[in-house]
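Following: one structure in structure tokens, then a few remarks.
Each value in this text was obtained by applying a stated rule to the coordinates, not by laboratory testing. Just so it is clear, the model here is predicted, and its values are computed rather than measured. With ideal geometry, Cβ positions are generated from the backbone for all residues, glycine too; neighbour counts draw on all protein chains shown.
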Amino acid sequence: MPAHIIDGKAQAARLRATIASDVAKLAGRGIKPGLAVVLVGSDPASQVYVRSKAKQTLEAGMASFEHRLPVHTTEAELLALVTALNHDDAVDGILVQLPLPPEINADSVLRAIDPAKDVDGFHPINVGLVATGTGGIVPCTPLGSMMLLRSVRAELSGLNAVIVGRSNIVGKPMAQLLLKEGCTVTVAHSKTRDLPALVRTADIVVAAVGRREMIRGAWIKPGAIVIDVGINRVTDVAGGSRLTGDVAFAEVVQTAAAITPVPGGVGPMTIACLLSNTVDAATARRGNRAPG
Ligand SMILES: NC(=O)c1ccc[n+]([C@@H]2O[C@H](COP(=O)([O-])OP(=O)(O)OC[C@H]3O[C@@H](n4cnc5c(N)ncnc54)[C@H](OP(=O)(O)O)[C@@H]3O)[C@@H](O)[C@H]2O)c1
């Protein structure tokens, strides 16, 4: 029987509706959560992401502050903006869109963000809190991936999880979240030997590589849950383009129990989780009182 297709688009829409309702309750207390997004340069993919984040922020009833800086912005200028946003009471969340131009040290910029406003969850304080399972702001893509996973399997304890990819923004935080759930976690990367055999041991496969359709159907244990984080743009023969994941969907759907599609899986959840993190940051900054 083909796998259940996990509908990230629908789940993200439901999450955004909950967020909008929370934002309306906060408005009754005179609180309007605000998200500041900073974009340096004119990378086309980043422009699309920033536009979409701003649109969804406004649709949820929150305040959106967009800062588009020219590509020759210096690190000092960017740090000055981050400091100003840290001190701006209307701003609850700060997101600096990556990648930054190579002349700017991204680590220095991410460390300059107030951890309480670090809604991307990339500041070392949040990374440490998440790693120790003691709180912190969870990065949006792993957070959304966990929600999708839980929508098909509430109890994850004891399952074998293989994450392919060890980036700081996806693979590593995903490993921490799955460990916290009681999974036995293996993180694979470009030096991993016999990846197909390793993936075959997994009850949960998370693909975060950035290589189109690398994970094949024959690698998947029957009944596994597959979360495809990859976003790869493919140009077809007619010159058009489409998005595809890191998983060979048509093959894997025959073996897995459940799978996220690309597009329409993890992607929509990422922005919804960004909004959710911003509302949480807004309430946490005001003494942790939940909306309502
Ligand atoms: N849906 C979303 O909202 C969302 C959000 C973020 C990212 N993404 C997508 O997710 C994918 C991964 O993003 P990322 O930022 O985590 O990428 P990244 O920083 O480039 O990391 C890729 C990881 O894949 C590993 N890798 C590369 N080739 C491999 C191979 N042949 N076998 C096994 N592992 C291999 C790398 O190993 P090494 O460490 O050894 O080099 C690295 O750990 C991309 O397609 C990205 O566009 C989607």
- W219: passes all of (1) within 16 Å of the ligand (Cβ to nearest atom); (2) within 22 Å of E181 (Cα to Cα); (3) in contact with a helix residue (DSSP H, G or I) (Cβ under 6 Å, 6 or more places away or on another chain) but (2)
- Among residues of the range 4-33, those that are more than 12 Å from S151 (Cβ to Cβ) and surrounded by 21 or more Cβ atoms within 10 Å (Cβ to Cβ), counted: 5
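Condition check ((1) more than 16 Å from the ligand (Cβ to nearest atom); (2) within 27 Å of D194 (Cα to Cα)) across all residues:
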site: P124; (1), (2): yes, no
site: M147; (1), (2): no, no
site: G158; (1), (2): yes, yes
site: N168; (1), (2): no, yes
- What number of residues within the range 149-170 satisfy the criterion of being surrounded by fewer than 24 Cβ atoms within 10 Å (Cβ to Cβ) and either out of contact with any Ser or Thr (no Cβ under 7 Å at 6 or more places or on another chain) or under 19 Å from L274 (Cα atoms) (or both)? 15
- Item | Positions within the range 146-184 being more than 18 Å from A257 (Cβ to Cβ) and charged (D, E, K, R), in sequence order | R166, K172, K180
